[in-house]
Every structure is written in structure tokens, then in C-alpha cells.
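Here is the structure we will look at, set down as C-alpha cells.
The values are calculated or read from the model by the stated rules, or taken from the named source; none is laboratory data. Small disclaimer: the values here were computed from a predicted structure and weren't measured. So basically every Cβ, Gly included, is an ideal-geometry build from the backbone, and we count neighbours across all protein chains shown. Remember, those area values only see protein heavy atoms, side chains included, never the ligands or the DNA or RNA. Shrake-Rupley method; radii C 1.70, N 1.55, O 1.52, S 1.80 Å.
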Amino acid sequence: MAKAGEAMRLAFAGTPEFARVALARLHAAGLDIALVLSQPDRPAGRGMKVAPSPVKAFALEHGIAVAQPRGLRLDGKFSEDAAAANDALAAAAPDVIVVAAYGLILPPWLLALPRHGCLNIHASLLPRWRGAAPIQRAIEAGDDVTGVTIMQMDAGLDTGAMLVAEPLEIGADESAGALQARLATLGGELIVQALGALAKAKLVGRAQPEAGVSYAAKITKAEATIDWRAPAAEIERRLRAFDPAPGARSVLAGETITCWRGVVRPGGGQPGEVVGIDGGALTVACGQGRLALTELQRAGGRRMAAEALLRGWTPALGAVFDPAADPRRDPEGRLNFAAPSPSSLVTPSPRRT
């Protein structure tokens, strides 16, 4: 019996680990992957040595041709790269292109190139969390459930028809890194399922509903600074949402401290004030409640349990983390959701509080 999708020829566009998992699953399923597109090699790690993306590394290891255009617009800054990618794709002649966290906008010429178009593996249940950072924003907003949607790509921002979708519960203490790993596995399974249905002409799309649209704006460096005027529950979610990157940071006595984990506690105090150093935690007052920080990282050090860190480092009770203003907040510290847009803010969750 032939494998589902065996006669279908693919190209794949993706860059980070999330995409590598999907590529590996497609390869394991025996699908014909003619070409891989990935972002150019960039500095990575502590030594900042130039390294290939996880997707490129996998492709090279398995003998799959790779193209790394800096841009895809034929009339853009990197038009030569785009023309070379066009030639490579034309030679590969894919029936469909699978896209997962590629990092470049696909122009109309590329969307129209394969006869079955481009299928995107998106890490949310559309139309919630369209955009660049759906995993982080779902955790930050307190969602109980997220998932993966396989979408037929169009010219809009994650607006295409939904082909396959499956929900996934978010753990109460789950970090973005841990959730991403589970979503990546789910995405790999769903794209194989979708391609099998496509090969049998049984893949049917449905339009995204107009209600429930929200946008997962790209994480900015400014957001990594903790605004202690926020409720403790909100800060705790942000710590998990920004783990492993970019991390949530604050300055205490002139030193930048990265806060990785915390537990919400009752109590008050001046926002940012150190109100407790006991029970294996550094407890800080927030706009509402307190946050007992249980995993921390000092500047130049490694992340570690607060209990171990506090054996050799004891901040003064009453010391206050430097104030920081989240640009999305009003003077009382409340998030402003008056004008939702793809580039500015997080939509509040109707679920977990």
C-alpha cells in the first residue's frame, strides 16, 4: 500500500527548532522533500559563532537541497536572492510548500507557485493569536488552551482557510519553551495528516470566523523589563512566556536580575520591593499581591534555584527593583487594550485569571 502523499513533491520553508521538528516528521513519513528554504546563517550561542538554523542543519544531514535567500521580493533589496530562490523552486517543481516559522513574508509569486499552494503550521487555534509570537502570547494572556492550525496561506497575516486544527491544553506552570516542544510535535503530526488528505483530494478548508481575532505581536526587548505595578499573576505568566527567550529582567541595586520562575502569594507592599527572603524564594511586592521568585539568574551567572542562589547572595529587605514602565500601560499600571492591532499589544484572555 502506498504511503499517504507519496506521489506529492514538497518544498519546506522554516528556520527554528519548531520547524525542524515538522521537517523531521515529514522526512520520517517518507515524503518527497525536494528543497528546503531557511533563513541565512546567523551568530548563535554564547560565543556568537555563525551557525546554520536547525532546519538547515537537518536538511544537510539528510541530503536535502537548501536555499537561504535574504529576501523573497523580486523587486526588493535582495532581488538577486529572490530570483535565485525563484529559480530553485521552479527547478524543484513542488506540488505544495509547507511553511513553519520561516521568518520571511511569502510574496504573491511564491504563494502561487505550487499547484496546491502553501500550507502553514501555525501554533494557535486560529483566529486567536495570528502573528509572530502565538505561543508566548497565549501563556502571557493566561489562556488555558492553545493548539495547532494547518492553514492554507493567502496574502493576509494568518488569515487563510483552516484545513486541520487540534487543541492542546496549556499547563498551569508551563513555560513557552516546554509548550513549544509539545506544539511542534503536534504540528508535525497534523501536517502529515493534512498532506495525506490532500493527496486523496479530501482536504477541505473553512474560512476563519470574524469573531475572536487576536494578534500575537513580536516580542520586543522593552517587554523583557518587568513592570512591578502589574498584578503578580500577570508577571508570573510573563516569566513563563519569556522562558527561554528573551527572559524577564529587572534591576536591583544596579545589577540586572533575570527572573525565570515565581509563585503568586497574597500580601502587599511597594511595587518592586523585596518583602521576603525565606522559604527558598525572593519575594517581591507587585501591583496586586506578591511574587515569590523561585528561579533566578544574576548578571553573568547561570540560572538556578533561588534557594541555592540566596546562599551566597542576600539582597536587603526593603530594597526596591528599579521602576520600569510598560509602554502598553496607563499610569495606574493597567494594560490598555483600547486599540488592538497586529503590532502593539496582547488581547486579554477570557479564560484563566
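Being of a type in the set (A, V, I, L, M) and assigned to a loop (DSSP other than H, G, I, E, B) is the filter here, so list the residues in segment 51-69 that pass it.
Ile64, Ala65
Using beta carbons and a limit of 7 Å, which pairs, at least six apart or on different chains, have the first residue in segment 279-299 and outside any strand (DSSP E or B) and the second one of a type in the set (D, E, K, R)?
Qualifying pairs under 7 Å: Gly280/Glu307; Gly287/Arg229; Gly289/Arg265; Ala299/Glu255.
Among the residues of segment 102-139, write down those that are open to solvent by less than 10 Å² (accessible area, probe 1.4 Å), more than 24 Å from Gln193 (Cα to Cα) and of a type outside the set (Gly, Ala, Ser).
Arg137, Ile139
Sort out which residues of segment 70-106 are part of a helix (DSSP H, G or I) and of a type outside the set (A, V, I, L, M), and write them in order of number.
Of everything in segment 70-106, those that are part of a helix (DSSP H, G or I) and of a type outside the set (A, V, I, L, M) turn out to be Ser79, Glu80, Asp81, Asn86, Asp87.
So if I check each of Ala253, Ala241, Ala217, Ala306, which one is farther than 30 Å from Arg130 by Cα, of a type outside the set (S, T, N, Q) and surrounded by 17 or more Cβ atoms within 10 Å (Cβ to Cβ)?
Ala306
Answer yes or no: is there a residue in segment 220-230 that is under 20 Å from the mean Cα position of the chain (by Cα), open to solvent by 10 Å² or more (accessible area, probe 1.4 Å) and modelled with pLDDT of 95 or more.
Looking through segment 220-230, at least one residue is under 20 Å from the mean Cα position of the chain (by Cα), open to solvent by 10 Å² or more (accessible area, probe 1.4 Å) and modelled with pLDDT of 95 or more.
Cβ-Cβ under 9 Å, sequence separation 6+ or interchain: first residue in segment 119-131 and at positive phi, partner assigned to a strand (DSSP E or B). Which pairs?
Listed pairs, sorted by first residue: Trp129/His122; Trp129/Thr146; Trp129/Tyr215; Trp129/Ala216; Gly131/Tyr215; Gly131/Ala216.
Where the second residue is open to solvent by 20 Å² or more (accessible area, probe 1.4 Å) and among the charged types (D, E, K, R) and the first is over 19 Å from Cys118 (Cβ atoms) and lies in segment 74-99, which pairs have Cβ atoms under 6 Å and are six or more apart or on separate chains?
Short answer, once both residue conditions are applied: Phe78/Arg70.
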